[in-house]
1. Give the relative contact order (percent, whole number) for the chain; include only Cα pairs under 8 Å separated by 6+ residues.
2. Per DSSP H run of at least 4 residues, take -39500 (n - 2.57); add these up for the chain, divide by its residues and hand me the 222 nm value, nearest 500 deg cm²/dmol.
3. Roughly what % of DSSP beta bridges within the chain run antiparallel, to the nearest 5?
4. Could you pull the Cα extents of the range 197-285 along its three principal axes, largest to smallest, in whole Å?
5. Tabulate in residue order the Karplus-calculated ³J(HN,Hα) for the range 157-163, using 6.51 cos²θ - 1.76 cosθ + 1.60 with θ = phi - 60°, rounded to whole Hz; enter x for Gly and Pro.
6. Enumerate the calculated ³J(HN,Hα) couplings along the range 71-81 in order (Karplus 6.51 cos²θ - 1.76 cosθ + 1.60, θ = phi - 60°), each rounded to whole Hz, writing x wherever the residue is Gly or Pro.
7. Taking Cα centroids, how far is the range 1-80 from the range 232-292 in Å?
8. Show me the trypsin sites (Lys or Arg not before Pro) within the range 1-89 that DSSP assigns to loop and that have at most 13 other Cβ atoms within 10 Å of their Cβ.
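Values quoted throughout were computed directly from the atomic coordinates according to the rules given, and no laboratory measurement underlies them. Owing to the predicted nature of the structure, the values given are computational and were not obtained by experimental measurement. Glycine gets a Cβ as well: all are built from the backbone with ideal geometry, and neighbour counts include every protein chain shown.
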Amino acid sequence: MTDWESLKDALAAEGYIAPADLTMALFIALKLSRPLLLEGAAGVGKTEVARTLAAVEKTRLIRLQCYEGLDAAHAIYEWNYQRQLLAIRAAAEGGETGRSVERRIFSEEFLLQRPLLQAIRQETPPVLLIDEIDRADEEFEAYLLEVLSDFQITVPELGTITATSIPRVILTSNGTRELSDALRRRCLYAHVDFPSRESELRILAARCPAVEPALAGQIVGFVQALRKEELEKTPGIAEMLDFAAALVGLGVNDLAADPRVLQATLVTLLKTEADRAAVSSEVAQRLAGRAA
């Protein structure tokens, strides 16, 4: 991309309507070959940035989903122990022992590449998505520093593996815990919020072109009003698109026309029993009336 505006247009062509500050942060990250940390509430479209960038650049998306207890074996590499044992047994039956067997079983043939190692060994720079880094333990962040600083990984049995190409690295965080200063220093940063009404209407038009403009305005108004309610799980952009698709599939033209249909389609937006109970038919009708 020659400038950030052309990047914004390219993202939009793939259905991602990015605000100017996010586009600029992504453009600078690409130009400087620096990781980009995206923070924001769940459902605002942080993960979709990586997916869309991979589509724009026509490259592979490699995703590392973080979780509590994630370790190097699942994130970077591990040895194929079952194949190693079989190779040792076969070597022993053939009378082969010693360092030659050890060298063979700790070779590339028996190495299982996990997302971080895969990402730095691609011929074409991939997009590496490290999703929900805040869900991983603090200790795991230390494993990332070597990769994010020097784009290399040390495998004791093989030595240091340097990146074939520098991946486009995007990290996401929902803010469930504070990230380390060391990790933040290695990244550029952008905060992603729920889109404005205008942006969400553009997203809906791009992803669900079958929705009539009048109904689209009602859908976005209803969902944005719903997000202001006291909910356990605030509906995100993906839920808004599911809601729109459900309404179109049911032939709904007016959100307030049939309270029963509206209440039934809330299964796409409300994902806990408490939230379903909180948004009664009366509440839904009130929000639909405001959105009209």
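1. Contact order relative to length: 22 percent.
2. The helix contribution divided over the chain gives -14500 deg cm²/dmol.
3. 30 percent
4. 32, 25, 16
5. Working through the residues one at a time gives 6, 10, x, 8, 9, 8, 4 Hz.
6. For the range 71-81, the Karplus curve yields 10, 4, 4, 8, 9, 10, 6, 7, 8, 7, 5 Hz.
7. 30 Å
8. 58
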